[in-house]
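Let me begin by presenting the structure, written as structure tokens, before commenting on it.
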Amino acid sequence: MVTVEQKIEKIKKERKEARTRGLKYVIVTALIALIAQFVIPWGWFFFVPTVLFVIVFLCVIYWIWSPVALIGYKIRETYCYLIMEGGAYKRADLQLTGFTLTEKGWVVPKNEEDGIGILSKFGIDPGERIKKPHSWFGLRFFNFPYIFEEPYVETFKVDKYDPSTEEIVSRENVIYDGFFVVPYNYGQEIKDIYTKNGYPISFNMGLLGELLNVPLAKFGTNNWYDAFIKEFRGAVFEIIDSSEDKELRDDAKELAAFFYQKFEERGLIKKCLIEYGIYIKAIQIGKLVRPKDIVDAADEERTEELLRKAANVKASADSDVLVAKASAIDLLFLKRSGLTNEEYQQALREPKIFKKKYGFLRNLCQKEILDTSAIAKGTGIRFSSENGGGGIVDAAALYSGLSNKTLIPKTDGVDENVGEKKGKIFDSKTRESLKKAGLPVHLEDEV
């Protein structure tokens, strides 16, 4: 398979060979004409050698040099030709029946009475129309004496949407004979994007775009094709993500119209025309993957999944509540009893003795913990005393979590990673809650 780099090298080689071959014909013909002028007695026809030379020279320009854009060039119908000088953009030339370019590079109807087409809808001033260069049998010439003008050459990668197969086809070509300025189906694949209510949707999207300002597209932004494709791709993701499944039509044509309407509402159609010179005329949708049986199956499976997840979350939350509650009570009891953790564990092995000796104090600590309702701002942590507990943990449990270097949601003036930075963990309200719960607030925890 021939790569674009090889194509470019081939173009350079063909231009070099054509230049050499054409010069040979011109030089040889000139020498023959010069010799014949003085050797052969032409009489009244002394100008014949000169005429023959001119004919050969024009044939060289037309058949040998114009195909590779030397001195003269040809433009295919529906193409816009970019011309460079010294590596910089110089001008553009268009071949599109009934249309011409403006001084700003816009493609507009040739006749002023026909207006400026779609540009008027978006309030764009295209500038004055420019005259099309004169041509000789379709052959146009680089500006004289600027013989160093040359065609713009670029490698161009594009994903094309094929309406007949609804597939996305990747193309990689060399732009040498101009840019296509009639509607073209640019494509993008949308795969497994989830709606607001969690349903996946996949399809191929065709962006029927018309390049109305080639100089703006090429030199007005860095990589215009990638830029405008990313604009639409980002918009598609956002629209799907913010839409309920029922809003996204099951019919491909209706879904295409839905997206185009959303693009217009977002100002995306206008933005791409003004910034990238490309007008998106229509949207096409193909390979839409969302048949009813799959949606129903996904709905059933999703429902079961959510139920399982809800049950797991509840069980996990209940477990966290019990652990945190017990930890908070134990911490307070240890502080007030003066026991070490090892002594506490040892005492629990003899419940009757423990109840007789420490029962009152343990119950008091439990009551104080359960009665505490103050919470640290922004943590969402609260402890309920209904039925001996339940819900989520309060400031005492928060302290327990901090002791184990856990993470809590960030609040104003509170660091995210409480395990790494001390001295900025607790604000005044949090400290008050901890002290009310009977939990120690160490000096290093003070703000």
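Values in this text are rule-based calculations from the coordinates and carry no lab data. Source: prediction; values computed, not measured. Reconstructed Cβ throughout: ideal geometry from the backbone, glycine too, with neighbour counts over all protein chains shown.
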Restricting to Cα pairs under 8 Å and 6 or more apart, the percent relative contact order of the stretch 151-295 works out to 27 percent
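Any of Lys230/Lys271; Lys230/Lys253; Lys104/Lys271; Lys160/Lys287; Lys110/Lys132 with alpha carbons more than 20 Å apart? Name them for me.
Distance filter (> 20 Å) returns Lys230/Lys253.
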Collect residues whose amide H, placed 1.01 Å from N in the peptide plane, falls under 5 Å from the amide H of Phe99; neighbours closer than 5 in sequence don't count.
-> Lys110
Using the Kirkwood radius built from alpha carbon pairs, what does the Stokes-Einstein equation give as D for the stretch 151-295 at 25 °C and 0.890 mPa s, in µm² per second?
-> 154 µm²/s
Cα centroid of the stretch 251-271 to Cα centroid of the stretch 207-246, whole Å | 12 Å
Cβ crowding within 10 Å averaged over residues, with 180-190, 330-340 ranked highest first = 180-190, 330-340
Full-extension gain in nm, Thr165 to Met1, via 0.36 nm per residue minus C-alpha separation = 56.7 nm
